[in-house]
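Encoded as structure tokens, the structure appears first; notes follow it.
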Amino acid sequence: MKKYIVGVGMGVDTLTAAAEKVIKNSDALIGAERMLKPFQDLRKVMFQSYDCSEICRFIANFKGDSAAVLVSGDVGFFSLAKKLLQFPEFYDAELICGISTPVYFCSKINRDIEKMKLISLHGNDCGIAVNVRQNRNCCFILGGKINAGELCRRLTDYGLGDVKVWIGENFGCENERIRFGTAAEFIDVQCEKLAAVITENSGKIDCQTACISDDQFIRSEIPMTKAEIRCIALAELNIQSDNICWDIGSGSGSVTVEMALKCHDGMVWSIDKFPEAVELTKKNCHKFSCDNVIVKSGVFPEIEPFAKPDCVFVGGSGGRLDEILNAAYNANPAVKIVVTAVSLETISDASKIMERLGMQVEITQIAVTRTRKIGKNTMFNALNPIFIIRGEV
């Protein structure tokens, strides 16, 4: 039997000629109610479902020569097609592309899609502000817990209330609607759950610097990992855009922020045992629009389990280094860990624990000397030497 997965775009008016031909010639049409409704008059066998297992059972028992699964938008853009292709019944399926939501939306507001960041918030509610901060244009596909009003509220809370926003809903329908304004103006907007939002941030960061200068952070008496140390420590972790990171002993939150900006499609779990450090970390996360951070107050690892980490930074262990490193390794044996130390004891303990876990250990010592003006003279001001212990299997 010939099987197709067909992108129907925004509906009948946006069907491609290829999609129309397949739908017309297939013996059975499969999909959600709103996908099938426009084709009721074709007198085809109709199976209403968007559950992959149910669809596969129908395919296995169907006696016709061909069947087409209809999916909204395009088959290659956050589509049911991706899940269906994992089932043996669809290994040999033919995909028929359609017009995706971002392509249709951009055509309606005269914007190009070339450099736009495309983000689906189905089942995901983080990485909104941090992506808008770093991209001139983002297109968010809604439908999960985050609606358009909540998205705009998030942007406003994280210092991006002046970002331009287009809200589109009911694409391809008679009641299609597109509204334009700023994020701050739309924090209480009501719209359909299945909607899309395009943002334009003219003040976006052109590129992420190697490290943020110390004076850009909100400061207090809470210790902070200095810029030079952050730069090398995070380079050792080699954080990827979709990584899950832990920052143990967050202090001022400088490492948390740097991690969050690097893993803008991932998540950072940050913890400190001092409430004032937790609050300062939160303030710095808001300043740099890092909404992909969960900040916890407590002693690790006594607190509830964190998500499985790809990268772990330990800036303060509180005497529980063995427990921390074991917890990270047990959560993910392929984890990369960096520990900073100022004492010989911590260097020795960290390297021994990592070696016991079967990790390759590298130790780097950094001595930073800055200059400062005293009258007409430029004097040297040496910072305490720091050791960076890196472990990776």
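Applying the selection to the range 329-351, what residues are charged (D, E, K, R) and touching an Asp or Glu at 6+ places or on another chain (Cβ under 9 Å)? Result: 336, 349. Remark: pairs (first residue in the range 349-364, on the phi > 0 side of the Ramachandran plot; second residue surrounded by fewer than 16 Cβ atoms within 10 Å (Cβ to Cβ) and of a type in the set (A, V, I, L, M); Cβ separation under 7 Å; 6+ apart in sequence or on different chains) = 358/393. The strands (runs of 3 or more DSSP E) found entirely in the range 149-212 that carry 3 or more residues being under 18 Å from residue 110 (Cβ atoms) and without any contact (Cβ under 8 Å) to a residue 24 or more places away in the chain are 177-182. Restricting attention to the range 101-120, the residues that are part of a loop (DSSP other than H, G, I, E, B) and either in contact with a Lys or Arg (Cβ under 8 Å, 6 or more places away or on another chain) or touching a residue at least 40 places away in the same chain (Cβ under 8 Å) (or both) total 4. The strands (runs of 3 or more DSSP E) falling completely within the range 237-334 that include 3 or more residues that are closer than 17 Å to residue 126 by Cβ map to 244-248, 267-272, 293-297. Answer with yes or no whether residue 80 is within 21 Å of residue 121 (Cα to Cα), surrounded by 20 or more Cβ atoms within 10 Å (Cβ to Cβ), out of contact with any helix residue (DSSP H, G or I) (no Cβ under 7 Å at 6 or more places or on another chain) and not hydroxyl-bearing (Ser, Thr, Tyr). When the stated conditions are applied, residue 80 passes them.
Apart from one condition, residue 390 fits all of (1) within 29 Å of the chain's Cα centre (by Cα); (2) more than 24 Å from residue 231 (Cα to Cα); (3) not aliphatic (A, V, I, L, M); the exception is (2). A single entry from 250, 254, 241 fulfils the requirement of being on the phi < 0 side of the Ramachandran plot, hydroxyl-bearing (Ser, Thr, Tyr) and surrounded by fewer than 17 Cβ atoms within 10 Å (Cβ to Cβ): 241.
Within the option set 272, 265, being in the same structural domain as residue 345 (by TED's automatic domain parsing), in contact (Cβ under 8 Å) with a residue 24 or more places away in the chain, farther than 22 Å from residue 330 by Cα and among the acidic types (Asp, Glu) holds for one residue only, 265.
Specify which of the listed residues (92, 112) is among the charged types (D, E, K, R) and assigned by TED's automatic domain parsing to the domain that holds residue 7.
After applying the criteria, what remains is 92.
Just checking, does the range 86-99 include any residue being small (Gly, Ala, Ser), modelled with pLDDT of 95 or more and in contact with a helix residue (DSSP H, G or I) (Cβ under 8 Å, 6 or more places away or on another chain)? Checking the range 86-99: at least one residue is small (Gly, Ala, Ser), modelled with pLDDT of 95 or more and in contact with a helix residue (DSSP H, G or I) (Cβ under 8 Å, 6 or more places away or on another chain).
The values are calculated or read from the model by the stated rules, or taken from the named source; none is laboratory data. All values derive from a computational prediction rather than experimental measurement. We place every Cβ from the backbone using ideal geometry, glycine too, and count neighbours over all the protein chains shown.
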